[in-house]
1. Hey, can you grab everything whose amide H is under 5 Å from the amide H of residue 398? Only 5+ residues off in sequence or another chain; H modelled, so Pro and N-termini drop out.
2. What is the local net charge at residue 387, summed over the other residues whose Cβ is closer than 12 Å to its Cβ (Lys, Arg +1; Asp, Glu -1)?
3. Net charge within 11 Å of residue 290 by Cβ-Cβ distance, Lys/Arg positive one each and Asp/Glu negative one each, not counting residue 290 itself?
4. Each residue of segment 450-459 in order: what ³J(HN,Hα) in whole Hz does its phi give by Karplus 6.51 cos²θ - 1.76 cosθ + 1.60, θ = phi - 60°, with x for Gly and Pro?
5. Determine ³J(HN,Hα), in whole Hz, for all residues of segment 289-295 in sequence, where each value follows from phi through the Karplus function 6.51 cos²θ - 1.76 cosθ + 1.60 and θ = phi - 60°; x replaces Gly and Pro.
6. Can you give me the three principal axis dimensions of segment 262-394 from its C-alpha atoms, in Å, biggest first?
7. For segment 404-546, what does the relative contact order come out to in percent, with C-alpha contacts under 8 Å and a separation of six or more?
8. Please report the antiparallel percentage of DSSP beta bridges with both residues in segment 404-546, rounded to the nearest 5.
Amino acid sequence: MAKLSPRAPRAPSKVGPAFSFHGRGDLGRETKPLVQGHAAGSPSPNSMLRVLLSAQASSARLSGLLLLPPVQPYCLGPNKWGDRPPGGAPHAGPVQGLQRLLEQARSPGELLRWLGQNPTKVRAHHYPVALRRLGQLLGSQPRPPPVEQATLQDLSQLIIRNCPSFDIHTIHVCLHLAVLLGFPSDGPLVCALEQEQRFRLPPKPPPPLQPVLRGGLRLEAALSCPRFQRHPQHHLIRSLAEARPEELTPHVMVLLAQHLARHRLREPQLLEAIAHFLVAQEAQLNSKVVQKLVLPFGRLNYLPLEEQFMPCLERILAREAGVAPLATVNILMSLCQLRCLPFRALHFVFSPGFISHISGTPHALIVRRYLSLLDTAVELELPGYRGPRLPRRQQVPIFPQPLITDRARCKYSHKDIVAEGLRQLLGEEKYRQDLTVPPGYCTDFLLCVSSSGAVLPVRTQDPFLPYPPRSCPYTTRDPAQRVVLMLRERWHFCRDGRVLLGSRALRERHLGLMGYQLLPLPFEELESQRGLPQLKSYLRQKLQALGLRWGPEGG
């Protein structure tokens with residue numbers, strides 16, 4: 001095994017001048033390089049050395065080099081020089097010994113000698129080690145060693161000559177270090193490394209020749225992009241409203257409507273554009289498309305200003321009601337949230353023929369649930385309706401359990417901490433949580449309150465108010481009130497945080513019409529409470545504002 005030993009230092013090369021730093025403890029205050037071996041008027045150093053040794057570049061670039069972690073052997077992947085022998089065990093002995101010598105070199109010339117005199121022991125990962133050590137030497141304090149242009153040129157040529165054998169990781173690290181050291185971007189070293197990097201990367205397929213997307217096609221492509229659906233760009237979707245009507249297609253408008261509903265974006269300009277499109281294209285749209293177009297209006301609790309919106313929907317329902325029963329009921333559900341139910345359509349869906357028709361279909365249960373909600377809306381909000389109603393035997397609970405969005409976001413909900421606050425404030429026997437009241441609305445927290453304002457134990461009272469309320473006598477033997485605490489979480493609102501979603505507004509509206517006294521707990525107020533003691537104080541103030549009173553705190 002050949003012994004690793006440096007040769008005696010050679011004389012300065014005649015190829016170019018030698019330069020040296022005279023540091024003063026601050027890389028940013030380095031003095032101007034001293035030129036040796038050049039008479040006055042001789043050509044200035046080449047651009048590489050000017051960038052490499054300039055005070056402006058060295059403080060930033062060399063400090064970046066000093067922060068780089070040491071290059072570990074064999075971490076850069078296998079290469080043609082055999083960095084990894086069979087079995088995965090790295091070479092020991094001279095290979096690792098050469099790395100230690102490079103890491104301990106005292107000058108750039110010594111770095112070059114270690115690499116040039118031991119070609120059989122040099123591996124690809126040694127070159128990043130040498131470049132990093134060069135940066136450490138140039139940034140050393142207080143007196144960097146002199147640097148010769150010929151030394152740097154020889155080191156560059158050595159890397160250029162061997163870089164075809166480097167793997168992609170070694171090339172990437174060498175290129176990064178060369179840029180930090182200040183080697184010119186158009187110099188031979190950087191160009192050679194960049195060329196090898198391009199050779200290692202898989203070739204990019206040429207972009208397919210596609211016609212320029214105009215109008216609706218461009219909008220459809222944008223709305224169909226998975227990245228756009230995950231990260232909606234509001235400024236882009238707002239620009240859709242500026243498109244000409246002839247550029248829009250039903251598919252584009254459906255994508256837009258679904259996007260607004262999914263992300264709770266209550267954008268009036270876009271919603272008006274959908275309403276105008278629906279009116280303009282009424283003859284070409286079937287109920288299955290219309291149900292998707294009207295979905296955001298009900299969900300976002302937005303009644304458009306378009307005057308022909310409701311007459312258009314009534315005509316479509318009259319034309320398509322018998323063709324697609326589920327689509328018909330879906331359209332009516334959206335209109336129910338907007339409090340705009342057309343009597344003629346209600347006559348049709350509550351008719352014995354329609355109910356008999358949907359009974360044998362796969363979606364019979366969901367249609368019956370929607371019809372039950374529509375019947376509740378007729379009972380509570382349409383006193384002037386005199387048409388057929390859903391038979392009692394066909395009615396099912398509307399929402400027998402918390403909504404899917406609440407179950408999906410339960411870990412973000414304030415329900416648990418509010419329940420604990422009520423337990424400590426009132427006692428467990430004086431409230432019910434997640435109680436479903438007829439005709440099928442799930443309440444967050446329900447209290448029974450006497451006529452004097454005392455909170456009563458729930459077990460001693462019937463927590464349900466009679467339904468339907470119209471059939472109840474005007475006087476009742478039960479004077480107790482039912483107070484429902486309604487959590488208004490952040491996701492119960494449209495994205496702007498000011499308008500309740502249509503389903504939430506509908507639930508609160510119907511509970512209020514049935515006789516329940518509502519006490520909303522907005523998310524802004526809940527989020528401002530810091531800890532359980534503050535929350536208890538907040539709940540106490542809310543309940544006392546309604547005139548409620550109770551005994552000593554439980555628990």
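The numbers here are math on the coordinates, done by the rules we state, and not lab data. All of these numbers come straight from a predicted model, not from anything done at the bench. Here the Cβ positions follow ideal geometry from the backbone for every residue, glycine too, while neighbour counts run over all protein chains shown.
1. 440
2. Working: positive: 344, 386, 389; negative: 375.
Here the count lands on +2.
3. +2
4. Taking θ as phi minus 60°, the curve returns 6, 5, 8, x, 7, 7, 9, x, 5, 5 Hz for segment 450-459.
5. With coefficients 6.51, -1.76 and 1.60, one gets 6, 4, 4, 6, 6, 8, 3 Hz.
6. Result, largest extent first: 44, 30, 28 Å.
7. Details: 169 pairs, mean separation 32.5, N = 143.
The normalised contact order for segment 404-546 reaches 23 percent.
8. Working: 13 of 19 bridges.
Antiparallel bridges: around 70 percent, rounded to the nearest 5.
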